[in-house]
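Chemist: A single structure is presented below for examination.
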Amino acid sequence: MDTATSPATARVLAVRPVGTTAVLAELSGLHDVLALQALLLEHPLPGQVDVLAAAQTVMVKADSPAAARRMAALLPEMDLTVTAHADGKLVVIEAVYDGEDLAEVGRLTGLGPDGVVAAHTGQVWTVAFGGFAPGFGYMVGENQSLEVPRRSSPRTAVPAGSVALAGNYSAVYPRKSPGGWQLIGRTAARMWDLSREQPALAAPGDRVQFKAVRELVEVSGGAAEPATAPSMPPVHSGLRILAPGLQSLVQDLGRPGHAGLGVSTAGALDRSSVRRANRLVGNQPSAAVVESVAGGLRVQAVGDQVLAVTGAPSALTVVAPSDPEDVAGESDGGRLRQVREVPMAIPFALLDGETLVIGPPDRGFRTYLAVRGGVEADAVLGSRSTDTMSGIGPEPLAAGQLLEAGAATSSNVVGNPELQPEYPDAGVTVLDIVPGPRDDWFDAAALESLCSQDWAVTPRSNRVGMRLAGEPLRRSRDGELPSEGTMAGALQIPPDGQPVLFLADHPITGGYPVIGVVVDQQLDRAAQVPIGGSIRFRWAPGHAPASPDTPNEVSN
């Protein structure tokens, strides 16, 4: 008898903390994972923000530490056999089975190429969880006849629509991306389409039946790009980007609640700076702003604007051309310009044709520019933020681009000047962490090493994660961890032992153990640590790690 479906075991086996605002429920098998996911989606727990099912776990994100603690007490009491969860919809996907790895999969399984096709189309697959990319669903079959390892050397580019196998999962790549799965075929099915009410063709819980065909027919209204881009109305009020600096992006507070579709929350890395900038210009807290890295951003007012800049302390210079018609902002053409300095964290006017120049930060790393009314951009899944990993949201800003000022105001007046916090410099920044959920993959020496050395922030860092360098941390366990949900602030330890601190654009699932998670209230500070700076971790008060041989479960 399969104990995963036994009524006697249809409960949460253990609950582990994931930082201060999430918990990880461990279950005995996929059947219980899907049952708990369905139950939580139908009857959300108080404070529940998002639910992410994975191979053997369900991660639940909360809106506060208190809500996360309540969830830890409630989850073990939930009876997953009380109500049978309904099967999701059935999706039929036509595929041509001519993949580059089809023969190799036939050899590995002993089925031969024709047998692989018969086995793949002869069973119904269930989308267990999402991850890797929006629309990428990890599908589990009715048997394990097609269980194969990943390729020893991943491909740098897997074509969109590739039908693939890895482990006991099947999937379809929704977009061109790197990947190490075994490719057995291809499909024209659009696995991810933001024009649909439900962007994912097959969401977690849905069933998929593959159908072998000789050729693919593109469905009418497919994903082909239009021959000509639609004309955009002229911008009469907003900002012209003269220079974007190293990187400038449109960001807001993100798009929570879509983890099951493979979409991370994303959003601004320093959330408190966004809220502060918006308060100063009288905007709604979630209005879109411009997030800029390491200074160098230059913008010119189109119409009179009210702005505020928060985040990393930087010199703010306003330049006005002496000739009213000189609005290009590229050079002064030999004419003198009026120059004035404006302070950080205070609202100020940028009149039509004037240019704001943001200098390199004295401390910190990221600045936030708010315009009264917010930056107007198309919302995707309820947010205007740019997700650099998934490609969702506006493109990075470019010279010559016009940003329209929107109408996301909350007050008829601007805010009072505000004090800014102390920002990290190139020295050592201390961050508190909560151990787990997989600290038991490391012995006492590794746990001590994590918090007894300074970790350098390397230039390979970005919005996906901060890559740190130091004395490597060694695992005390062999084998691989089944993919499970993760979150911003997680310290993932890949095989080389060098931690990666996940930031807002992180992948929503991961297969490397997470040794600890930065406490939520310090994520803004973490995002301001500059390249070349250092981080020292310490255990958050009341969160010392348990014995390495004991799971770090949340107590009731």
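Chemist: Consider Gly115 against the criteria (1) without any contact (Cβ under 8 Å) to a residue 24 or more places away in the chain; (2) surrounded by 17 or more Cβ atoms within 10 Å (Cβ to Cβ); (3) more than 16 Å from Leu183 (Cβ to Cβ); (4) of a type in the set (Gly, Ala, Ser): it satisfies all of them except one. Which criterion is unmet?
Modeler: Only one criterion in (1) without any contact (Cβ under 8 Å) to a residue 24 or more places away in the chain; (2) surrounded by 17 or more Cβ atoms within 10 Å (Cβ to Cβ); (3) more than 16 Å from Leu183 (Cβ to Cβ); (4) of a type in the set (Gly, Ala, Ser) is unmet by Gly115, namely (2).
Chemist: So which of Ala118, Ala53, Ala67 ends up being at pLDDT 90 or above and closer than 30 Å to Arg186 by Cα? Explain how you work it out, then say what you get.
Modeler: Working: Ala53 fails: at pLDDT 90 or above; Ala67 fails: closer than 30 Å to Arg186 by Cα.
Going through Ala118, Ala53, Ala67 in turn, the sole match is Ala118.
Chemist: Here's another thing I want to ask about it. Please find, among Ser273, Ser292, Ser248, the residue that is under 16 Å from Ile392 (Cα atoms), out of contact with any Pro (no Cβ under 6 Å at 6 or more places or on another chain), among the small types (Gly, Ala, Ser) and at pLDDT 95 or above.
Modeler: Working: Ser273 fails: under 16 Å from Ile392 (Cα atoms); Ser292 fails: under 16 Å from Ile392 (Cα atoms).
Testing whether each residue is under 16 Å from Ile392 (Cα atoms), out of contact with any Pro (no Cβ under 6 Å at 6 or more places or on another chain), among the small types (Gly, Ala, Ser) and at pLDDT 95 or above leaves just Ser248.
Chemist: With respect to Arg372, determine if the residue is basic (Lys, Arg) and within 15 Å of Val281 (Cβ to Cβ).
Modeler: Working: basic (Lys, Arg): yes; within 15 Å of Val281 (Cβ to Cβ): yes.
Criteria met by Arg372.
Chemist: Follow-up. Residue check: is Gly257 part of a loop (DSSP other than H, G, I, E, B), small (Gly, Ala, Ser) and crowded, with 23+ Cβ neighbours inside 10 Å? I'd like the intermediate steps shown before the answer.
Modeler: Values: part of a loop (DSSP other than H, G, I, E, B): yes; small (Gly, Ala, Ser): yes; crowded, with 23+ Cβ neighbours inside 10 Å: no.
For Gly257, the condition - part of a loop (DSSP other than H, G, I, E, B), small (Gly, Ala, Ser) and crowded, with 23+ Cβ neighbours inside 10 Å - is not met.
Chemist: When you scan region 82-97, do you find a residue that is in contact with a Pro (Cβ under 7 Å, 6 or more places away or on another chain) and open to solvent by 30 Å² or more (accessible area, probe 1.4 Å), even just one?
Modeler: Looking through region 82-97, none of the residues is in contact with a Pro (Cβ under 7 Å, 6 or more places away or on another chain) and open to solvent by 30 Å² or more (accessible area, probe 1.4 Å).
Chemist: Out of the strands (runs of 3 or more DSSP E) lying entirely within region 143-212, which hold 1 or more residues that are among the β-branched types (Val, Ile, Thr) and either more than 21 Å from Gly260 (Cα to Cα) or open to solvent by less than 10 Å² (accessible area, probe 1.4 Å) (or both)? Can you show your working first?
Modeler: Numbers: elements: 155-158, 162-166, 169-172, 177-179, 182-186, 207-212.
Hits in region 143-212: 155-158, 162-166, 169-172, 182-186, 207-212.
Chemist: I've got another one for you. Can you name the condition, by its number, that Ala229 falls short on among (1) in a helix (DSSP H, G or I); (2) of a type in the set (A, V, I, L, M, F, W, C); (3) modelled with pLDDT under 95?
Modeler: Among (1) in a helix (DSSP H, G or I); (2) of a type in the set (A, V, I, L, M, F, W, C); (3) modelled with pLDDT under 95, the lone unmet condition for Ala229 is (1).
Chemist: Could you please give the count of residues in region 507-530 that are touching a Ser or Thr at 6+ places or on another chain (Cβ under 6 Å) and closer than 20 Å to Val293 by Cα?
Modeler: 2
Chemist: Answer yes if at least one residue in region 88-111 is closer than 23 Å to Ala200 by Cα, charged (D, E, K, R) and modelled with pLDDT of 95 or more, and no otherwise.
Modeler: Looking for residues that are closer than 23 Å to Ala200 by Cα, charged (D, E, K, R) and modelled with pLDDT of 95 or more, one finds at least one in region 88-111, hence yes.
Chemist: Also, quick follow-up: Looking at region 347-378, which of its residues are open to solvent by 50 Å² or more (accessible area, probe 1.4 Å) and hydrophobic (A, V, I, L, M, F, W, C)?
Modeler: Looking only at region 347-378, we keep the residues that are open to solvent by 50 Å² or more (accessible area, probe 1.4 Å), and these are 351-352, 360, 362-363, 372, 376, 378.
Passing the criteria: only Leu351.
Chemist: Another question, then. Which pairs turn up if I take residues in region 350-378 that are within 12 Å of Tyr423 (Cβ to Cβ) and of a type in the set (S, T, N, Q) and look for partners that are modelled with pLDDT of 95 or more and in a loop (DSSP other than H, G, I, E, B) with beta carbon separation below 6 Å, at least 6 apart in sequence or on another chain?
Modeler: These pairs meet every condition: Thr367/Ala312.
The values are calculated or read from the model by the stated rules, or taken from the named source; none is laboratory data. Since this is a predicted model, take the numbers as computed values, not measurements. No Cβ is skipped: glycine too gets one built from the backbone with ideal geometry, and neighbour counts run over all protein chains shown. Only protein heavy atoms, including side chains, enter the accessible area calculation; ligands, DNA and RNA are left aside. Shrake-Rupley method; radii C 1.70, N 1.55, O 1.52, S 1.80 Å.
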